[in-house]
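S.K.: Here it is: the structure, laid out below.
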Amino acid sequence: MNFKRYGRPAVIAVAAALALSSCAANETSGPASSGDSAESGTLSGTINGAGSSAQSAAQEAWIAAFQTSNPNVTINYDPTGSGAGRETFIGGGSDFAGSDSFLKDEELAGSFESCAPDAKAVDLPVYISPIAVIFNLDGVEELNLDATTLAKIFKGDITTWNDPAIAALNEKAALPDTAITAVHRSDDSGTTKNFTDYLNQNAAEVWTEEPGDPFPYQSGEGAQGTSGVVDAVSNGVGTIGYADASRAGDLGVAKIKVGDTFVEYTAEAAAAVVEDSPLVEGRDAKDRAIALDRKTTDATHYPLVLVSYALVCTEYADPAKAELVKAYVGYMVSAEGQAEAAKFAGAAPMTTGLQDQVQEVLASVK
């Protein structure tokens, strides 16, 4: 969806679609507990969010808990993908967005229709997760890949599973001559941006395109959303893809090379990368966008990780929306909210220090 092309009528239509699409999330049988940010029970009203499909399971858990504590609040979240979510938020069709990539400089330079005049949006981390390299290959349960080989697979330079480059990393595996089908996101996706950022930083001689939400090469097979990628890999033959680790299910998951070691993902290893990475330079002091260290050689770190953000206004045109967004996003990043995301979505809990930073920014939202 491109609101720059379709204009305000499309924004209104999407806002209506958000309300209709919320039923499944609002009726989920997920957790019923509440966190410190959700305990007052005095809030009322409706807020709409859209974006990251990687956040989908966490959003279901967060919404269930928050609405249990605040029965007069309705929260709608439509997991349309990060790119579509940002456009919806920018166009005024939602009150916050979920995005697996932080706002671009050109997006920050524009206006945000839900925000007060001259107010801007900021990126607030709410969800940390490894990105799993998922595969479906008969007879192969374990797979090692380094960044260069992974880049060649998704670029289309390596086309069969018994290619010498893959075989050299998997000496004990009986690799078949099956053709590789590399599945990527067909929609604009922050997961794609994180995945391609990892490849660009670690295999720049192969992956020459800059990281971005659209997949950059005309190779492989495209699929819509996280669910689409997982379904395509699950139902295909000789398939490989990338997805939020919470959605890997029973699929094979490759280990990636970090330093001299092949590392499998864990929540702890993903959180360690975030903890040791700096903020993006040159942004508003309230913005918490993180420049992830993809080149680490520390085998206790898993650098193929995404930080998913809540995009919120520093000041809202409607103060009632500001109150609800502050409370709900505050719950997401509370200790209990992070525990819910870990339990129901396999997320890596944010450190107390990062939680406190986000809460401090939220306290200033009006």
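S.K.: Could you pull out the residue among Gly241, Gly220, Gly212 that is within 16 Å of the chain's Cα centre (by Cα) and over 16 Å from Gly83 (Cβ atoms)? I'd like the intermediate steps shown before the answer.
M.R.: On the way: Gly220 fails: within 16 Å of the chain's Cα centre (by Cα); Gly212 fails: over 16 Å from Gly83 (Cβ atoms).
Gly241 is the lone residue from the list that is within 16 Å of the chain's Cα centre (by Cα) and over 16 Å from Gly83 (Cβ atoms).
S.K.: Turning to a different aspect of this structure: With the requirement that a residue be surrounded by fewer than 23 Cβ atoms within 10 Å (Cβ to Cβ) and at pLDDT 95 or above, what does region 77-105 give you?
M.R.: Gly92
S.K.: While we're here: For residues in region 106-127 being without any contact (Cβ under 8 Å) to a residue 40 or more places away in the chain and not in a loop (DSSP other than H, G, I, E, B), which is surrounded by the most Cβ atoms within 10 Å (Cβ to Cβ)?
M.R.: Looking at residues that are without any contact (Cβ under 8 Å) to a residue 40 or more places away in the chain and not in a loop (DSSP other than H, G, I, E, B), I get Glu107.
S.K.: Turning to a different aspect of this structure: Assigned to a helix (DSSP H, G or I) and either of a type in the set (D, E, K, R) or surrounded by fewer than 22 Cβ atoms within 10 Å (Cβ to Cβ) (or both) - does that describe any residue in region 168-179? Can you show your working first?
M.R.: Start the filter on region 168-179 by keeping residues that are assigned to a helix (DSSP H, G or I), which leaves 168-169.
Cutting the leftovers down to either of a type in the set (D, E, K, R) or surrounded by fewer than 22 Cβ atoms within 10 Å (Cβ to Cβ) (or both) gives us 168-169.
Within region 168-179, one or more residues are assigned to a helix (DSSP H, G or I) and either of a type in the set (D, E, K, R) or surrounded by fewer than 22 Cβ atoms within 10 Å (Cβ to Cβ) (or both).
S.K.: Here is a follow-up. When only residues in region 132-157 that are touching a helix residue (DSSP H, G or I) at 6+ places or on another chain (Cβ under 6 Å) and in contact (Cβ under 8 Å) with a residue 24 or more places away in the chain count, which is surrounded by the most Cβ atoms within 10 Å (Cβ to Cβ)? It would help to see each step written out before you state the result.
M.R.: Of the residues in region 132-157, the ones touching a helix residue (DSSP H, G or I) at 6+ places or on another chain (Cβ under 6 Å) are 132, 134, 136, 144, 147, 149, 151.
Retained after the next criterion (residues that are in contact (Cβ under 8 Å) with a residue 24 or more places away in the chain): 132, 134, 136, 144, 147, 151.
On the way: Ala132: 26, Ile134: 24, Asn136: 20, Asn144: 19, Ala147: 23, Ala151: 23.
Of everything passing the filter in region 132-157, Ala132 is surrounded by the most Cβ atoms within 10 Å (Cβ to Cβ).
S.K.: Then there is this: Could you say which residue among Ala347, Ala310, Ala342, Ala363 is over 29 Å from Thr266 (Cα atoms) and not charged (D, E, K, R)? Don't jump to the end; show me each part of the working.
M.R.: Working: Ala347 fails: over 29 Å from Thr266 (Cα atoms); Ala310 fails: over 29 Å from Thr266 (Cα atoms); Ala342 fails: over 29 Å from Thr266 (Cα atoms).
The unique qualifying residue is Ala363.
S.K.: Here's something else I'd like to know. If Pro130 satisfies all but one of (1) part of a helix (DSSP H, G or I); (2) modelled with pLDDT under 95, what's the number of the condition it fails?
M.R.: With (1) part of a helix (DSSP H, G or I); (2) modelled with pLDDT under 95 applied to Pro130, the lone miss is (1).
S.K.: Going through region 47-86 one residue at a time, which ones are of a type in the set (Phe, Trp, Tyr) and farther than 14 Å from Ser99 by Cα?
M.R.: Pass one, region 47-86, residues of a type in the set (Phe, Trp, Tyr): 62, 66, 77.
Residues satisfying the conditions are Trp62, Phe66.
S.K.: Across region 69-95, which residue is farthest from Asp213 (Cα to Cα) among those that are small (Gly, Ala, Ser) and assigned to a helix (DSSP H, G or I)? Talk me through it step by step, then tell me what you get.
M.R.: We begin by selecting, within region 69-95, every residue small (Gly, Ala, Ser); these are 69, 81-85, 91-94.
Those still in the list that are assigned to a helix (DSSP H, G or I) too: 69, 82-85.
On the way: Ser69: 36, Ser82: 8, Gly83: 7, Ala84: 10, Gly85: 12 Å.
Going through the qualifying residues, I end up with Ser69.
The values are calculated or read from the model by the stated rules, or taken from the named source; none is laboratory data. Since the structure is predicted, the reported quantities are computational estimates derived from the model, not experimental observations. Reconstructed Cβ throughout: ideal geometry from the backbone, glycine too, with neighbour counts over all protein chains shown.
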